[in-house]
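Below is one structure; the comments refer to it alone.
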Amino acid sequence: MANCWPPLPPIDSRPVANQPIPNVSPGGPRRPRTSPRLAALLLAALLFVLRLTTLNHPWPVHPDEAEFTVALTAPQPYPVHPPGYPLWFAAGWIAHRIGFGPYASYELWSMLASCAGPAFFFLGLRSSAGDSLAWMAGLALGVNPVWWFEGVTALNYAAANCLAIVLVSMCWRAWMTDNPKASLQAAVLLVVASGIRLDLALWFAPLVAWSRRSSRRLALAVLLISSIAMWGLVAGILYGGRNPTGVSHTLQILWSTSVFSRGLIDGLVRNAVKLGVYLTWGLGAGAVVAVWAARRISVGHAPAGAKRFLLLWIGPVLAFQLLVHITEIGHALWYLAPIYGLIALALSTLRSRGVAVAILSLVSAASIAQFYLYPWSADVRGWRRLVNAKVAFASASGLRQIDQRDRIHRPNNYWTVPTSQAP
């Protein structure tokens, strides 16, 4: 069914309050040739055009999409998958009211977010990596196969990650300049973004709180906890008591997929393997550059505070996915922006800016080629059947044949666990 981020100085403490981060590159400061905002718009426009080539595809891509679309046409009772994603439903409702079809009403927001996210990523990264590297890192993020795939679906991963990029940029500015205004803005944005995905409040609250001065963190913690309570109340009102099993159903799923239920091998190791596979497919050839970048940063090419920042960025969500719940390829999106940011930061330490830009250009080209040229098919056997069923469907050909994936995809068929029958 077709449907209409010059390397950071090696410091051990924060810069002087309210001092801007210098845009320094090897060889001295460089004045950008293009307005940063214009460059960001050009990046978003380029990605938008590329998205148009894969916008129409069979749907639903995932069963949750069916619940989102049904909610637009039959909102009594409110049927969206618990905990309800109130703002995501509201965004789809607005688009539907102005004439978009049920699926396109969500797909539109995913596509716009998947184009805006890399643009915001560029704007947040340029002060640390320089304009050219930041722009290329934004492009590499935008054409990443998993980011691209999720950017043309009705799922809320692209929208949530776009908001997360803006939030993290605010926290970075707040930490580097000791700017309480930026930290407050990040806190307010997190409260709002939690309406797209409630788990954002849990995963990014530590980073937002750490970006503030210690005397202000208690008030910030209260604000963040209040956001969880507020959205929980909103979801309860929307369900109106008609779905009393919503919370228990969500907790049952989380328990059945957690280390506490499945143990270290079928829980922790299995989740780590799945996440590793998702990231390896998404990064493609860029995975080699990512390993090099992690090594270069770890041996002293970044301030200790930056490493702590990165840990607070991805630590909570990584702990959640390894210990509690990871099932979908879209969960890999939370790591793509920090990985490409790490790559750009490491490349900015090279003597030749041209070589650094060329490396990121090759990473982007490889991602585009992988996404467009991978010959996905359900009529394969052996190892290709496994790859196609589990990860390679996140490609242009796999997207256009997503309705055929069920022919070869069987959950738990390669790593059966005792709780495989859990809902």
Is it true that some residue in segment 306-323 is modelled with pLDDT under 85, of a type outside the set (A, V, I, L, M), surrounded by fewer than 14 Cβ atoms within 10 Å (Cβ to Cβ) and touching a Pro at 6+ places or on another chain (Cβ under 8 Å)? no
Determine which member of the set 259, 192 is at pLDDT 85 or above and more than 22 Å from the chain's Cα centre (by Cα). 259
Run residue 94 past the list (1) surrounded by 23 or more Cβ atoms within 10 Å (Cβ to Cβ); (2) part of a helix (DSSP H, G or I); (3) among the aliphatic types (A, V, I, L, M) and report the number of the one that doesn't hold. (1)
Odd one out for residue 328 among (1) surrounded by fewer than 16 Cβ atoms within 10 Å (Cβ to Cβ); (2) modelled with pLDDT of 95 or more; (3) closer than 23 Å to residue 290 by Cα; (4) not basic (Lys, Arg): (2)
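Mind telling me which of the residues 347, 333 ends up being touching a Leu at 6+ places or on another chain (Cβ under 7 Å) and surrounded by 15 or more Cβ atoms within 10 Å (Cβ to Cβ)?
Details: 333 fails: touching a Leu at 6+ places or on another chain (Cβ under 7 Å).
Of the residues listed, the single one that is touching a Leu at 6+ places or on another chain (Cβ under 7 Å) and surrounded by 15 or more Cβ atoms within 10 Å (Cβ to Cβ) is 347.
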So residue 209 clears everything in (1) modelled with pLDDT of 85 or more; (2) of a type in the set (A, V, I, L, M, F, W, C); (3) more than 30 Å from residue 92 (Cβ to Cβ) except one condition, right? Which one? (1)
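Considering every residue within segment 62-78, establish whether at least one is part of a loop (DSSP other than H, G, I, E, B), of a type in the set (Phe, Trp, Tyr), at pLDDT below 90 and surrounded by 17 or more Cβ atoms within 10 Å (Cβ to Cβ).
Initial filter on segment 62-78 (part of a loop (DSSP other than H, G, I, E, B)): 62, 74-78.
If we keep only those that are of a type in the set (Phe, Trp, Tyr) too, we end up with 78.
Add one more test, that the residue is at pLDDT below 90, and what stays is 78.
If we keep only those that are surrounded by 17 or more Cβ atoms within 10 Å (Cβ to Cβ) as well, we get 78.
Yes, segment 62-78 has at least one match.
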Looking at (1) at pLDDT 70 or above; (2) in a loop (DSSP other than H, G, I, E, B), which is the only condition residue 254 fails? (2)
For residue 382, which of the numbered conditions (1) on the phi < 0 side of the Ramachandran plot; (2) surrounded by fewer than 17 Cβ atoms within 10 Å (Cβ to Cβ) fails to hold? (1)
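The values are calculated or read from the model by the stated rules, or taken from the named source; none is laboratory data. Since we're looking at a predicted model, the values are computed, not measured. Virtual Cβ from ideal backbone geometry, glycine too; neighbours counted across all protein chains shown.
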